Amino acid sequence: MSDVLIMAIESSCDETAAAVVKNGREVLSNVISSQIDLHTLYGGVVPEIASRKHIEKINQVTEQALTEAGVTWDDITAIAVTYGPGLVGALLVGVSFAKSLAWALKKPLIGVHHIEGHISANYIENKELEPPFMCLVVSGGHSHLVKVSDYGEYEILGKTRDDAAGEAFDKVARAIGLGYPGGPKIDKVSNEGNPLAMDFPRAKVVGNEYDFSFSGLKSAVLNYLNSMEMKGEPVSQADVAASFQQAVVDVLVGHSMRAIEEYGFNKFAIAGGVASNSHLRAAFEEACKERGVSFYRPSPIFCTDNAAMIGVAGYYEFMKGMRSDWDLNAVPNLKLGER
Ligand code: KG4
Ligand code: ZN
């Protein structure tokens with residue numbers, strides 16, 4: 001069979017990205033135009049600005065992905081695009097652009113679920129990895145513990161009841177004056193802090209032991225900061241960051257390992273922006289080693305939003321015969337496993 005080349009487009013949040021992926025696992029190009037500098041001015045992602053920037057960049061980013069891959073439009077088999085979840089205006093830019101491309105070039109169109117993309121990022125550098133495995137998806141908008149039964153087949157064992165893990169990182173970073181985006185900054189400043197300095201809560205959720213809750217932890221940090229301010233006592237930014245991060249890491253590792261043991265998995269993967277956290281990666285590495293479980297994690301560039309992961313997920317959907325219609329729309333709250 002001839003090679004299957006997917007041109008993938010991702011615009012669900014603040015990264016305009018395009019990539020060319022060959023036969024599902026080989027990334028020929030991975031172009032990412034980040035808007036972080038722009039949103040940093042406002043302390044977070046401004047949806048309207050994100051949409052406008054995507055419109056400005058998408059053409060150039062896509063052309064660059066094609067050029068860097070060293071291929072022409074004739075070589076491309078199909079166009080894959082993230083259609084949810086995400087910011088509706090931002091998603092719409094990618095979806096409309098991908099539809100126009102697919103229509104003009106007479107190529108199949110494949111709508112891809114953003115979280116399925118994050119999970120699929122693990123296939124890029126681990127050529128031997130195949131389902132079934134357990135995957136923890138931790139991003140700015142999601143914290144999901146997922147059973148990956150097969151390509152494109154998922155069962156959510158647990159999810160957050162309130163804030164996503166990345167959201168908690170971003171909010172705590174803002175509170176201790178680190179600014180946006182919080183995750184990478186807390187990761188870095190924690191290296192100088194003591195993770196045992198404060199004993200922040202590790203929430204257990206009643207009803208489903210695999211669900212997460214991070215809003216209590218966030219409030220505990222805010223309360224601590226307030227009480228120190230009232231007492232006029234100095235706060236160690238590094239200690240708060242490290243102790244907060246340790247609480248998140250403990251909960252994520254604890255839930256995941258319990259699920260692996262209960263369901264008897266010997267393969268475990270992490271995905272999403274928070275999966276690029278160096279302390280989290282080290283903790284999972286150790287926990288998996290202790291249990292004789294193979295641990296998979298994408299390189300940081302494939303953890304945060306990118307289009308290569310959408311190309312991988314798009315490839316497996318394409319091979320299963322999935323094709324989107326011309327009425328494909330952006331679905332901001334799309335659930336995993338839904339069409
Ligand atoms: O997956 P992603 O790029 O976008 C979404 O789909 O949400 O994740 C972005 C999130 C942000 O909350 C960011 O602060 C967090 O991932 N993040 C990190 C790190 N790098 C990014 N969190 C902790 N440690 C990091 N090194
Ligand atoms: Zn994402």
### Task
Inspect segment 209-231 for any residue being acidic (Asp, Glu), in a loop (DSSP other than H, G, I, E, B), open to solvent by 30 Å² or more (accessible area, probe 1.4 Å) and in contact (Cβ under 8 Å) with a residue 12 or more places away in the chain and give the result as yes or no.
yes
### Query
Do you know which residues across segment 96-108 are among the aliphatic types (A, V, I, L, M) and surrounded by fewer than 23 Cβ atoms within 10 Å (Cβ to Cβ)?
Leu101, Ala104, Leu105
### Message
For a quick check of your reading of the model, give me the residue pairs whose first member lies in segment 300-312 and is within 12 Å of Val31 (Cβ to Cβ), whose second is part of a helix (DSSP H, G or I), with beta-carbon atoms closer than 8 Å and at least 6 apart or on different chains.
### Response
Ala307/Ala65; Ala308/Ile124; Ala308/Phe302
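Yes/no per residue for (1) in contact with a Phe, Trp or Tyr (Cβ under 7 Å, 6 or more places away or on another chain); (2) β-branched (Val, Ile, Thr); (3) more than 16 Å from ligand 1 (Cβ to nearest atom):
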position: Thr62; (1), (2), (3): no, yes, yes
position: Glu68; (1), (2), (3): no, no, yes
position: Thr82; (1), (2), (3): no, yes, no
position: Gly86; (1), (2), (3): no, no, no
position: Leu101; (1), (2), (3): no, no, yes
position: His113; (1), (2), (3): no, no, no
#### Entry: Matching option when the condition is over 21 Å from Asn126 (Cα atoms), at pLDDT below 95 and assigned by TED's automatic domain parsing to the domain that holds Gly140, among Lys204, Lys231
Lys204
### Query
For residues in segment 135-155 being in a strand (DSSP E or B) and within 16 Å of ligand 2 (Cβ to nearest atom), which is surrounded by the fewest Cβ atoms within 10 Å (Cβ to Cβ)?
Tyr154
### Query
Tell me, which helices (runs of 4 or more DSSP H) lie completely within segment 27-118 with 2 or more residues that are at pLDDT 95 or above?
47-69, 88-105
#### Entry: Looking only at segment 182-201, and only at residues there that are in contact with a His (Cβ under 9 Å, 6 or more places away or on another chain) and either open to solvent by 30 Å² or more (accessible area, probe 1.4 Å) or not assigned by TED's automatic domain parsing to the domain that holds Gly141 (or both), the one that is nearest to Ala242 (Cα to Cα)
Pro195
#### Entry: Test for Val274: is it buried (at least 24 other Cβ atoms within 10 Å of the Cβ), farther than 27 Å from Ile79 by Cα and in contact (Cβ under 8 Å) with a residue 40 or more places away in the chain
yes
### Task
Please specify each residue of segment 1-20 satisfying the condition of being open to solvent by 10 Å² or more (accessible area, probe 1.4 Å) and away from ligand 1 (no atom under 16 Å from the Cβ).
Met1, Ser2, Asp3, Leu5
### Query
Just for segment 32-43: of the residues that are open to solvent by 10 Å² or more (accessible area, probe 1.4 Å) and either over 17 Å from the mean Cα position of the chain (by Cα) or among the aliphatic types (A, V, I, L, M) (or both), which one is farthest from ligand 2 (Cβ to nearest atom)?
Leu41
### Query
Filtering segment 119-134 down to residues that are open to solvent by less than 40 Å² (accessible area, probe 1.4 Å) and either assigned to a helix (DSSP H, G or I) or free of Cβ contacts under 8 Å to residues at least 12 places away in the same chain (or both), which residue is nearest to ligand 1 (Cβ to nearest atom)?
Ile119
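The values are calculated or read from the model by the stated rules, or taken from the named source; none is laboratory data. As the structure is a prediction and not an experimental result, all values here were calculated from the model. Counting neighbours? That spans all protein chains shown, and the Cβs are built from the backbone with ideal geometry, glycine included. Quick note on the areas: whole protein, heavy atoms, side chains included, nothing else; ligands and nucleic acids left out. Shrake-Rupley method; radii C 1.70, N 1.55, O 1.52, S 1.80 Å.
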